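Visitor: First, the structure itself, so that you have it in front of you.
No value in this document is a laboratory result; all are computed from the given coordinates. This structure is a prediction, so every number in the text was calculated from the model and none was measured. Cβ sites come from the backbone with ideal geometry, for glycine too, and all protein chains shown count toward neighbours.
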Amino acid sequence: MSTLAPIIVLIEDEAQISRFVRAALEDEGCQVYEAATAARGLIEGSTRKPDLILLDLGLPDGDGIALVKDFRTWSSFPILILSARSSEQDKIAALDAGADDYLTKPFGVGELLARVRALLRRRTQIADMEPLATIGDLQLDFSRRSVTRAGVALHLTPIEYRLLCVLYASVGRVLTHHQLLREVWGPGHSESNHYLRIFVGHLRRKIEIDPAQPKHILTETGVGYRFQI
Amino acid sequence: MAWVTISTMPFHLSKTAVNYISSIVICILTTLVSTSLLLFVDLANIVMLFLLAVFLISVYLGRGAGILAAFLSVALFDFFCVPPHFSFAVSDVQYLLTFAVMLAVALITGQLAANLRDQAELAKQREQRTQALYEMARALSGTLKLSQVSEITAEFLRKIVGMESVLLLPSDEKELVPVTVHKVWYEPHMAWTAYEDKQQHVLSEPDGLYYLPLKGSTRMRGVLVLSASQNSPVFPSENNELLLTVASLVAIAVERLHYVDVAKQGEMQIATERLRSSILSGLSHDLRTPLTVLVGMADSLAVSKPPLSSKQQEVAQTLRDQSNHLSGMVANLLDMARLHAGEVNIHKEWQPLEEVIGASIQLLGQSLEHHVVKVTLPDDLPMLEFDAVLMERVFCNLLENAAKYSADQGAIEISACVQGGFVKVSVSDHGCGIPPDKLEAIFGMFVRGHAVEEANKISGTGIGLAVCKAIIEAHQGSIKAENLASGGASISFTLPLGEPPLFNEALLESELI
């Protein structure tokens, strides 16, 4: 993987935005293919064997969310959404459809590259999940179901532990409230979002140094949570 | 009585006179026929002829003519037919009984016949009125304008009860105004009394005016003023029922037109709102695209390889900061426009305050890197119901302001406490504070805290706090600013506590690992 340049398909109709995104990605050593329409994007996505897709939600010839669903029927490459819309509902719909992360316009180059790197890294991370993990000053031992900070055990309830595992497994991605509820409480869950928020709050109090300014479990307001190591 | 009628009603004079004259003529004709038949027919049968004449006169010529005919018949019968002829004297006393019975029968049948005639006449008149009323109702149901309602009503009243009328409707200025040009002189305060008191009607005898309130299904719709014509200065009470019906028909028509109006306005409002929202979303997209390019390009410049010289780097950095700043302002302006247009769907959910504060600090990132943000929340602070995205905007604006108006390395404190049925949240800084005379004004649109000279050094549009106020008020809270005794400003707002959903606390404690 390291010898090959990552292949990125950029599906964006605004030429000026494509231009700087492409330039930034190429500087990072990526190989970028552009598509200005959803139809073209589908072709590029299926022929270029991309490592990542950057997708604008507001395409002239179709709904970006439908395209995400299309891709997800046959592939698992990461999809990063570029959204000009301020509505949280669109982002949630795209994430629930299978997108991995989103960036709201306007975004900086640094932000863009950080997200792209995180998603590209994920692909290798998933392959070699270790039973032992380090998150900042926390140690996770999945084989013993224990979480310690500097050798001192943190007492997590089963739900908190499961929540932490789900978040950890999705590092670098955004998980919507709906996705987290389904993963932690199972597909038949009847709990509402405030349940999840209470558990996240409690988990933060145990693993974050300042729960009001968290470093690991970040809130994506109105959308869900993002886990960061 | 008849003379009074004759003197005051020239039209009826001739008709009544003709009836009486006809009655006399018929009686004379009957007498002629009777005398010629005297030789062949018995007197008892002659009586029958006279009775028939009286009956017919009563039916066709009216009550008065009938009474006249009854007496005249008896007299003529006595004079010409009963022996001795050509004298009122009678030879046989039994004829006196004949006269008495004849008079009685003539009067009774005559009166019965006249009653019948009157009733038939009345029924006919009623039918005509009902017919006219139906026609008016039908005409009113097809009206599209208030002036049409007024005209149809006036036409009907003129034709059926011979009265002039004017339709008065309430205007915005709390007074009754006529719908069309009219010839009725009326007392505005009397009309207002009828409108306000919701009585059935107000009768003003000396002027011959009648004020009929129009009672709609939900509220009073107006007043119909009737003026009796000169021919009948006294208001006939038999028309009461009819006029009340007219009033309710007019009220329905006015009400219907009112609701047509309301529906039209509603439709227009929806169309306007749709247009506004499409303009807003179009504007939002159109502004965000060039801003994205601007921020991205400036950013690419700053990180370009080979690295720029320090001076160029500084330019690129400024470019980037200003673009970001512009983007924030545009976001605030669009939010304000949306909030003002009622465009924002408030998506309230129960959530801890801590979360949205953390998200806001994280979102501001670099803008806060020169400040220390200290968050102090009580452990038992209950969850609150709010729209997280909007509340994030409130915290971002308050934190940004605090950072902007206080020195580098200054502390910014966020705290919260329960007060009554509300949670009070404060964001305080140790900066220059707010001029005391502007503590309230700063929440207005485009109002900034500091004198222009000073404000020029710190960029801003004066819209951030206005957005905060709009958002907090949409959450049934309030926001205010104050200066701290220790220096610096503190903006605090309240959010209602409400009733948080039940939560099984045991789940949090169960089965520790």
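Visitor: Using the charge dipole of the protein assembly as shown (Lys, Arg: +1 at Cβ; Asp, Glu: -1 at Cβ; taken about the Cα centre), state which of B:P436, A:L218, B:S323 has its Cα farthest towards the positive end.
Guide: Result: B:S323, furthest along the dipole toward the positive end.
Visitor: What are the residues whose amide H is under 5 Å from the amide H of B:I412, where those residues sit 5 or more places off or on another chain and H is modelled from the backbone?
Guide: Sorted by chain and number, the residues that satisfy this are B:V372, B:V373, B:K374.
Visitor: Something else about it: How do B:Y20, A:Y225, A:Y195 rank when sorted from fewest to most other Cβ atoms within 10 Å of their own Cβ? Don't jump to the answer; show the numbers that get you there.
Guide: Working: B:Y20 17, A:Y225 27, A:Y195 21.
Least to most surrounded, the residues fall as B:Y20, A:Y195, A:Y225.
Visitor: Check each of the chymotrypsin sites (Phe, Trp or Tyr not before Pro) in region A:1-109 and keep only those in coil by DSSP with at most 12 other C-beta atoms within 10 angstrom; list them in order. Each step should come with its number before you reach the end.
Guide: Working: sites: A:F20, A:Y33, A:F71, A:W74, A:Y102, A:F107; in loops: A:W74, A:F107.
Sparse-neighbourhood loop chymotrypsin sites (Phe, Trp or Tyr not before Pro): A:W74.
Visitor: Once you average over the residues of A:154-162, how many Cβ atoms of partner chains fall within 10 Å of each Cβ? Intermediate values should be presented prior to the final figure.
Guide: Values: counts 1, 2, 3, 7, 5, 4, 4, 2, 0.
Rounded to a whole number, the mean comes out at 3.
Visitor: About the Cα centre of the protein assembly as shown, how large is the charge dipole given +1 on each Lys and Arg Cβ and -1 on each Asp and Glu Cβ? Please answer in debye to the nearest 20.
Guide: 1020 debye
Visitor: Tell me, what HN-Hα J-couplings in whole Hz come from the Karplus equation 6.51 cos²θ - 1.76 cosθ + 1.60 at θ = phi - 60° for each residue of region A:100-113, using x for Gly and Pro?
Guide: So the J values, rounded to whole Hz, are 9, 7, 9, 10, 8, 6, x, 10, x, 5, x, 4, 4, 5.
Visitor: While we're looking at this one, here's another question. Roughly how many debye, to the nearest 20, is the charge dipole of chain B about its Cα centre, given +1 on each Lys and Arg Cβ, -1 on each Asp and Glu Cβ, and no other charges?
Guide: About 2160 debye.
Visitor: Count neighbours as other Cβ atoms within 10 Å of each site's Cβ, and list the GluC sites (Glu not before Pro) in region B:324-407 that are DSSP loop with at most 10 such neighbours.
Guide: Passing sites in region B:324-407 are B:E369.
Visitor: Still on this structure, please answer the following. Rounded, prolate or oblate: which one fits region B:342-429, using the alpha carbon gyration tensor with axes a ≥ b ≥ c (rounded when a/c is under 1.5, else prolate when a/b beats b/c, else oblate)?
Guide: Oblate, since a/c reaches 1.5 and b/c is not below a/b.
Visitor: Kindly state, to the nearest 0.05, the FRET efficiency for B:V181 paired with B:K159, given R0 = 25 Å and r defined as their beta-carbon distance.
Guide: Using R0 = 25 Å, I get an efficiency of 0.85.
Visitor: Can you grab the distance from the C-alpha centre of region B:27-93 to the C-alpha centre of region A:190-229, Å, no decimals?
Guide: Computed from Cα coordinates, the inter-centre distance equals 119 Å.
Visitor: Please average, across the residues of A:104-115, the number of beta carbons from any other chain that are within 10 Å of each residue's own beta carbon, and give a whole number.
Guide: Mean number of neighbouring Cβ atoms from other chains: 6.
Visitor: Still on this structure: With a cut-off of 8 Å between alpha carbons and a minimum separation of six or more residues, what is the relative contact order of chain B in percent?
Guide: The normalised contact order for chain B reaches 7 percent.
Visitor: What are the ³J(HN,Hα) couplings of region B:394-407, residue after residue, when phi is run through the Karplus curve with 6.51, -1.76, 1.60 and θ = phi - 60°? Round to Hz, x for glycine and proline.
Guide: Going residue by residue, I get 4, 5, 4, 4, 5, 5, 4, 4, 4, 5, 5, 9, 10, 5 Hz, with x marking Gly and Pro.
Visitor: Hey, if you put +1 on the Cβ of every Lys and Arg and -1 on every Asp and Glu Cβ in chain B, which of B:S227, B:S22, B:Y186 ends up farthest toward the positive end of that dipole?
Guide: B:S22
Visitor: Which residues in region B:355-381 place their backbone N less than 13 Å from a point set 7 Å from the Cα of B:D321 along the Cα-to-Cβ direction?
Guide: B:366-370
Visitor: Tell me which trypsin sites (Lys or Arg not before Pro) from region B:52-147 have a DSSP coil assignment and no more than 13 other beta carbons within 10 Å of their own.
Guide: Answer by residue number: B:K145.
Visitor: Under the rule of at least 5 residues apart or a separate chain, name every residue whose amide H is placed under 5 Å from the amide H of B:L214.
Guide: Long-range HN contacts for B:L214: B:R221, B:G222, B:V223, B:L224.
Visitor: Here is a further query. Percent antiparallel among DSSP beta bridges with both residues in the protein assembly as shown, to the nearest 5?
Guide: If we restrict to bridges inside the protein assembly as shown, about 75 percent are antiparallel.
Visitor: Is there a pair in B:K124/B:K145; A:K49/A:K69; A:K206/B:K348; B:K348/B:K469; B:K145/B:K264; A:K215/B:K404 whose C-alpha atoms are over 21 Å apart, and which pairs would that be?
Guide: B:K124/B:K145; A:K206/B:K348; A:K215/B:K404
Visitor: Calculate for chain B the 222 nm mean residue ellipticity that helices alone would give, adding -39,500 (n - 2.57) per DSSP H run of length 4 or more and normalising by residue count, nearest 500 deg cm²/dmol.
Guide: One gets -19000 deg cm²/dmol as the mean residue ellipticity at 222 nm.
Visitor: Can you list residues from other chains, or at least 5 along the same chain, whose modelled amide H is less than 5 Å from the amide H of A:I79?
Guide: Amide H neighbours of A:I79, under 5 Å, 5+ apart: A:I53, A:D100, A:D101.
Visitor: Which whole number gives the average, over all residues in A:197-206, of C-beta atoms from other chains lying within 10 Å of the residue C-beta?
Guide: 4
Visitor: Then there is this: Which residue, chosen from B:A70, A:G172, A:L82, occupies the Cα position most advanced towards the positive end of the dipole of the protein assembly as shown, where the dipole is computed from +1 (Lys, Arg) and -1 (Asp, Glu) charges on Cβ about the Cα centre?
Guide: Working it through, the farthest residue towards the positive pole turns out to be B:A70.
Visitor: Taking the Cα centre of region A:148-229 as origin, work out the dipole magnitude from +1 charges on Lys and Arg Cβ and -1 charges on Asp and Glu Cβ, in debye rounded to 20.
Guide: Using Cβ point charges on Lys, Arg, Asp and Glu, region A:148-229 gives about 120 debye.
Visitor: Ranked from highest to lowest mean number of other Cβ atoms within 10 Å per residue, what is the order of the peptides B:441-447, A:196-202, A:206-212?
Guide: So the order, starting with the most tightly packed, is A:196-202, A:206-212, B:441-447.
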